[in-house]
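Participant: Structure below; questions to follow.
The values are calculated or read from the model by the stated rules, or taken from the named source; none is laboratory data. Please read all numbers here as calculations on a predicted model, not as lab measurements. Reconstructed Cβ throughout: ideal geometry from the backbone, glycine too, with neighbour counts over all protein chains shown. Heads up: the accessible areas ignore ligands, DNA and RNA and are worked out on the full protein's heavy atoms, side chains in. Shrake-Rupley method; radii C 1.70, N 1.55, O 1.52, S 1.80 Å.
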Amino acid sequence: MYNLPNLLTISRIAVIPLVFMSVYFDCCFYTYFAGILFIAASITDYYDGKLARARGEVSAFGRLLDPIADKLLVAAALVVILAKHMVEPITFIPVFVILCRELLVSGLREFLREVNVGLPVTRLAKWKTGFQMTALAMIFFKGWLFWGTLGEILLWVAGVLTFITGYQYFEKTLEYIRAENQTQQAKKTAAKKNK
């Protein structure tokens, strides 16, 4: 359980309180420090999976913890940028979409896990995560040149991708539910014929 890829994932969770603490400091230094921690944590998201596959250390613990770490890190960063008024009010829309989608997908995964059906991460979902991480990192450094503005634009792109991937996951879940309903209906019909 405590191999290098899993330790990288755990480290991503460990920095979340430090990122969140920037809410309580008005100085730019701590905000930039939180931004650096966020970037470092985001980089571990790329390397933990890559290392696990390369070293043959893919584990159930890592598969469980990796998406949780991503969601916690992104949620903490979103709370910080809202609390510190680092984005324009109109940009609250993609923030809201991102948070709602994460709750939706977590619920869908929990439901499907109960019936032993997986909901694998799609390539578009990985792009979505990349856009989210890049956008949030740039917003942490809002005072530098045009980074804040570009970060907000990328956050809108991430919001659109987030909505699309959330809908795709919802559609996959509905497909399973429809198939399950058809199976149940077929069983009922067969039972009636046997009578």
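Participant: Which loop chymotrypsin sites (Phe, Trp or Tyr not before Pro) in region 102-195, with loop taken from DSSP, have no more than 14 other Cβ atoms within 10 angstrom of their Cβ?
Facilitator: TRP144, PHE146
Participant: Determine the sum of side-chain charges near ILE164: Lys and Arg each +1, Asp and Glu each -1, restricted to other residues whose C-beta is under 10 angstrom from that of ILE164. Numbers along the way, then the final one.
Facilitator: Details: positive: ARG101, LYS128; negative: none.
Cβ neighbours under 10 Å give a net charge of +2.
Participant: Let me ask another. Per residue, how many Å² of accessible area does region 29-135 show with a 1.4 Å probe? Mind showing how you got there, number by number?
Facilitator: Working: 5830 Å² over 107 residues.
Per residue, region 29-135 has 54 Å² of solvent-accessible surface.
Participant: Additional query: Which one of ASN194, MET133, GLY107 has its Cα pushed farthest toward the positive end of the charge dipole of the chain, where Lys and Arg give +1 and Asp and Glu give -1 at the Cβ?
Facilitator: Going by the charge dipole, the pick is ASN194.
Participant: Which of ALA69, PRO17, ILE153 sits closest to the plus end of the dipole of the chain, meaning its Cα is farthest towards the positive end, when Lys and Arg get +1 and Asp and Glu get -1 on the C-beta?
Facilitator: Checking the options against the dipole of the chain, the answer is ALA69.
Participant: Continuing with this model, one more query. Cβ under 13 Å from LEU104's Cβ, LEU104 left aside: what net charge do those residues give with Lys, Arg +1 and Asp, Glu -1?
Facilitator: +1
Participant: Got a number for carbon plus sulfur as a percent of region 3-118's accessible area, 1.4 Å probe? Could you put the intermediate results ahead of the total?
Facilitator: On the way: 4530 of 6250 Å².
Roughly 72 percent, rounded to a whole number.
Participant: To continue, here is another question. Considering only the other residues whose Cβ falls under 11 Å of the Cβ of LYS84, what net charge follows from Lys and Arg at +1 and Asp and Glu at -1?
Facilitator: Details: positive: LYS142; negative: ASP26.
With Lys, Arg at +1 and Asp, Glu at -1, the neighbours total 0.
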